[in-house]
Amino acid sequence: MTQRVEKAVEILKHTGVRMTPQRHAILAYLLDTMSHPTADEIYKALEGQFPNMSVATVYNNLRVFKDAGLVRELTYGDASSRFDANIVEDHYHAICSECGAVHDFHFPALTEVEKAASQDVGFKVTGHRMEVYGICEDCQKQSSH
């Protein structure tokens, strides 16, 4: 078990969430992948390990993790949300308009945007969001064949 999973389990225990094997597996999968999976992708990755688990179980657990502040739900106007367990470091997302892949990138200068909003218009800033859209390297390679 990675240190991130152990820390997340502790956070859940402190909020009164009981750890089940399914919940633990979903959490570990989310923390180990950087692919920003959908609930269906998580379900498909774990269904062999938990044949009795349903997609609803995955959704319910994602809601528990979201409420505990362990994951962020990414909604980009398409049919299904993706889930990001990297909530510790401030980062942004580049989204492929061909395959839907989401890649993290860092751009520290954007934190200045929050400061400007606070100073220029007196906002108590609670956060900001930015996405970059384009075509990922894999999709570019496929279309050049």
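So, in Å, what gap is there between the alpha-carbon centers of segment 126-140 and segment 1-46?
25 Å
Pull up the DSSP beta bridges for the chain and report the antiparallel fraction as a percent, rounded to 5. Don't skip to the end; give the middle numbers.
Working: 8 of 12 bridges.
Within the chain, antiparallel bridges account for around 65 percent of the total.
Given a 1.4 Å probe and heavy atoms of the protein chains only, how would you sort PHE123, PHE65, largest accessible area at the top? Let's see the in-between values first.
Numbers: PHE123 130, PHE65 0 Å².
If we order PHE123, PHE65 from most to least accessible, we get PHE123, PHE65.
Computing the accessible area with a 1.4 Å probe over protein heavy atoms, can you report the carbon and sulfur percentage for the chain?
Details: 4820 of 9280 Å².
Result for the chain: 52 percent of the exposed heavy-atom area is carbon or sulfur.
Among GLN22, GLN119, GLN49, which one shows the highest mean-square fluctuation when the chain is modelled as a Gaussian network with alpha-carbon springs under 10 Å?
Among GLN22, GLN119, GLN49, the largest mean-square fluctuation in the Gaussian network model of the chain belongs to GLN119.
If the elastic network links every pair of Cα atoms under 10 Å, which of TYR43, TYR133, TYR59 fluctuates the most in the Gaussian network model of the chain?
TYR133
I'd like to check one number: the per residue accessible area of the chain, probe 1.4 Å, reported in Å² as a whole number.
Values: 9280 Å² over 145 residues.
Ligands and nucleic acids excluded, the result is 64 Å² per residue.
Leaving ligands, DNA and RNA out of it, work out the accessible area of GLU73 with a 1.4 Å probe and give it in Å² to the nearest 10.
Approximately 60 Å² of GLU73 is accessible to the 1.4 Å probe.
Taking a cut-off of 24 Å, what percent of all Cα-Cα pairs in the chain are separated by more than that? If you can, show how the numbers build up before the last one.
Working: 4427 of 10440 pairs.
Roughly 42 percent, once rounded to a whole number.
For the chain, set up a GNM with springs between Cα atoms under 10 Å and report which of ALA68, ALA45, ALA117 has the largest fluctuation.
In this elastic network of the chain, the residue with the biggest mean-square fluctuation among ALA68, ALA45, ALA117 is ALA117.
The values are calculated or read from the model by the stated rules, or taken from the named source; none is laboratory data. No experiment lies behind these values; they were computed from the predicted model shown. Surface accessibility is based on the protein's heavy atoms, side chains included, excluding ligands, DNA and RNA. Shrake-Rupley method; radii C 1.70, N 1.55, O 1.52, S 1.80 Å.
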